[in-house]
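Engineer: One structure coming up, written as structure tokens, with questions to follow.
The values are calculated or read from the model by the stated rules, or taken from the named source; none is laboratory data. What you see is a predicted model; the values in this text were computed from it and never measured. All Cβ positions, glycine included, derive from the backbone under ideal geometry; neighbour counts span all protein chains shown.
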Amino acid sequence: MAKIVGSASTSHVPAIGGAIAKGLQLDPYWKPFFDGFLKVREWLVRQKPDVVVVVSNDHGLNFFLDKMPTFSIGAASTYTSGDEGWGIPVIEPVRGDPDLSWAIINHVVEAEFDVTTCQEMLIDHAITIPLQLFWPDQSPPVSIVPIGVNTVQHPLPSAARCYKFGKAIGDAIRAHDRDLNVLVVATGGLSHQLDGERAGFMNPEFDALCLNSLIGDPERITGYSTRELVELSGTQGVEILNWIVARGILGQTNVSEVHRNYHIPISNTASAVQVLECA
Ligand code: DHB
Ligand code: FE
């Protein structure tokens, strides 16, 4: 049976792709950020994941404001990275796992989550950057199943709904009849706001509350309304919804935090990486 080993979740900021391309990992601005991934890489070597279920939000490559699925699931055998106009390099195509994708899709639809199934899906910086951070010197030794959450066009799914969606995905993975080590990855957040009067807004206190509650008390953040999340974490900080889905996937099992790094700012974002290991 498939086994969920834990989660490694991280912020995604296009500028990170630029820093990787220019080799700026030791630059004083970037070092405190990139150093946060050394422990993650060691942990990944020990966990040997076969598949990454990656929860993120599309930033306009697949869906735009005219068509915006609340939840989407990729079911492709290959995912190609697309040019979003940030000037960052695209990466080599990444393998999919259509078998696991369809197992998840069938299970969550049965559980009354009416998802958009995507047999073609481009991947953007929200997926390519975490893969480059986790496996900097090689093409990722994993296949991926991308889970998309609308964190962009209101109305957004509630935090409570995202948590339940994650639980349904986790049940599907644990029922999947193949010996796979599955790693869960959420990308995005933490607090940031790119537009409007509060552009540049970040909230370290709320970010700490989120990271702490994701360990042992996820219900603490699922109680916030979307409006409260926007107020507390910024218009793009609502990407924390991806992390809530990921925590739902880990389920009720005891999880322990094996690593965290928090660094302000990377571009306009309070950046975080957190590794949670399932007991
Ligand atoms: C930035 C952050 C994001 O989450 C994103 O998708 C794009 C840009 C930023 O801080 O620059
Ligand atoms: Fe983003």
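Engineer: With the checklist (1) away from ligand 1 (no atom under 16 Å from the Cβ); (2) in contact with a strand residue (DSSP E or B) (Cβ under 7 Å, 6 or more places away or on another chain); (3) closer than 23 Å to Thr269 by Cβ in hand, flag the one item Glu231 doesn't pass.
Structural biologist: Unmet condition: (2).
Engineer: Could you grab me the full set of residues in region 61-85 that are within 16 Å of ligand 2 (Cβ to nearest atom) and closer than 18 Å to Ile16 by Cβ?
Structural biologist: Leu61, Ser81, Gly82, Glu84, Gly85
Engineer: Suppose we filter Leu38, Leu26 for residues that are on the phi < 0 side of the Ramachandran plot, in a loop (DSSP other than H, G, I, E, B) and more than 16 Å from ligand 2 (Cβ to nearest atom); which single one remains?
Structural biologist: Leu26
Engineer: Being over 28 Å from Arg174 (Cβ atoms) and more than 16 Å from ligand 1 (Cβ to nearest atom) narrows it down to one residue among Asn203, Asn268, Asn261; which is it?
Structural biologist: Numbers: Asn203 fails: more than 16 Å from ligand 1 (Cβ to nearest atom); Asn268 fails: more than 16 Å from ligand 1 (Cβ to nearest atom).
Testing whether each residue is over 28 Å from Arg174 (Cβ atoms) and more than 16 Å from ligand 1 (Cβ to nearest atom) leaves just Asn261.
Engineer: State all residues of region 235-279 that are of a type in the set (A, V, I, L, M) and more than 22 Å from Ser191 (Cβ to Cβ); if no residue qualifies, say none.
Structural biologist: If the condition is that a residue be of a type in the set (A, V, I, L, M) and more than 22 Å from Ser191 (Cβ to Cβ), then Ile249, Leu250, Val255, Val258, Ala279 are the ones that fit.
Engineer: For region 129-143, name all the residues that are within 16 Å of ligand 1 (Cβ to nearest atom) and more than 17 Å from Gly189 (Cβ to Cβ).
Structural biologist: Leu131, Gln132
Engineer: Also: What are the residues in region 232-252 that are outside any helix (DSSP H, G or I) and without any contact (Cβ under 8 Å) to a residue 60 or more places away in the chain, if any?
Structural biologist: Taking region 232-252 first, the residues outside any helix (DSSP H, G or I) are 234-236, 251-252.
If the condition is that a residue be outside any helix (DSSP H, G or I) and without any contact (Cβ under 8 Å) to a residue 60 or more places away in the chain, then Gly234, Thr235, Gln252 are the ones that fit.
Engineer: Only one of Asn261, Asn254 is modelled with pLDDT under 95 and under 15 Å from Asn212 (Cα atoms); which?
Structural biologist: The match here is Asn254.
Engineer: Filter region 188-235 down to the residues that are crowded, with 23+ Cβ neighbours inside 10 Å and within 14 Å of ligand 2 (Cβ to nearest atom) and list them by number.
Structural biologist: Scanning region 188-235 gives Gly188, Gly189, Leu190, Ser191, His192, Ser233, Gly234.
Engineer: Right, next: For region 82-188, which strands (runs of 3 or more DSSP E) that fit wholly inside it have 2 or more residues that are out of contact with any Phe, Trp or Tyr (no Cβ under 6 Å at 6 or more places or on another chain) and not aliphatic (A, V, I, L, M)?
Structural biologist: 116-118, 143-149
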